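Engineer: Next up is a structure, given as structure tokens.
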């Protein structure tokens, strides 16, 4: 799938791994297969501390997968209300539509 170590850390919510990766230049907005970013993954799995870290590192909150999903769509699909609010507070478009 072309996932980077940051994608994997985002999946598991491991900020102790993600922080040094970001400090050493990991691309916070790298798009793996289907244009999935670490922020999409962290949002899907409800990893709120990871989402905070990725946003602070410059993650684009309205980036889209090949299907047009934003991280907010991923959080909403999975029922992560607090995380959805965090994304909106960070500038995510609450009216974004999929393709």
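Engineer: Which condition does residue 99 not pass, out of (1) closer than 23 Å to residue 27 by Cα; (2) modelled with pLDDT under 95, if it passes all the others?
Structural biologist: Checking residue 99 against (1) closer than 23 Å to residue 27 by Cα; (2) modelled with pLDDT under 95, the one that fails is (1).
Engineer: Another question, if that's okay. Does residue 11 satisfy being without any contact (Cβ under 8 Å) to a residue 60 or more places away in the chain, in contact with a helix residue (DSSP H, G or I) (Cβ under 9 Å, 6 or more places away or on another chain), under 19 Å from residue 69 (Cα atoms) and surrounded by fewer than 18 Cβ atoms within 10 Å (Cβ to Cβ)?
Structural biologist: yes
Engineer: Among (1) part of a helix (DSSP H, G or I); (2) under 19 Å from residue 2 (Cβ atoms); (3) in contact (Cβ under 8 Å) with a residue 24 or more places away in the chain, which single condition is residue 63 missing?
Structural biologist: (1)
Engineer: Could you tell me whether any residue of region 20-33 is at pLDDT below 95 and either surrounded by 15 or more Cβ atoms within 10 Å (Cβ to Cβ) or assigned to a helix (DSSP H, G or I) (or both)?
Structural biologist: yes
Engineer: Could you list, in sequence order, all residues of region 34-51 that are surrounded by fewer than 16 Cβ atoms within 10 Å (Cβ to Cβ) and under 14 Å from residue 62 (Cα atoms)?
Structural biologist: Result: 35, single match.
Engineer: Regarding residue 16, is this residue part of a loop (DSSP other than H, G, I, E, B), out of contact with any strand residue (DSSP E or B) (no Cβ under 9 Å at 6 or more places or on another chain), surrounded by fewer than 21 Cβ atoms within 10 Å (Cβ to Cβ) and modelled with pLDDT of 95 or more?
Structural biologist: It is false that residue 16 is part of a loop (DSSP other than H, G, I, E, B), out of contact with any strand residue (DSSP E or B) (no Cβ under 9 Å at 6 or more places or on another chain), surrounded by fewer than 21 Cβ atoms within 10 Å (Cβ to Cβ) and modelled with pLDDT of 95 or more.
Engineer: Taking region 68-99, which residues are assigned to a loop (DSSP other than H, G, I, E, B), out of contact with any helix residue (DSSP H, G or I) (no Cβ under 7 Å at 6 or more places or on another chain) and either in contact (Cβ under 8 Å) with a residue 40 or more places away in the chain or surrounded by fewer than 20 Cβ atoms within 10 Å (Cβ to Cβ) (or both)?
Structural biologist: Of everything in region 68-99, those that are assigned to a loop (DSSP other than H, G, I, E, B), out of contact with any helix residue (DSSP H, G or I) (no Cβ under 7 Å at 6 or more places or on another chain) and either in contact (Cβ under 8 Å) with a residue 40 or more places away in the chain or surrounded by fewer than 20 Cβ atoms within 10 Å (Cβ to Cβ) (or both) turn out to be 68, 79, 91, 93, 95, 97, 99.
The values are calculated or read from the model by the stated rules, or taken from the named source; none is laboratory data. The model shown is predicted, which means the values in this text are computed figures rather than measured ones. Every residue, glycine as well, gets a Cβ built from its backbone with ideal geometry; the counts of neighbours run over all protein chains shown.
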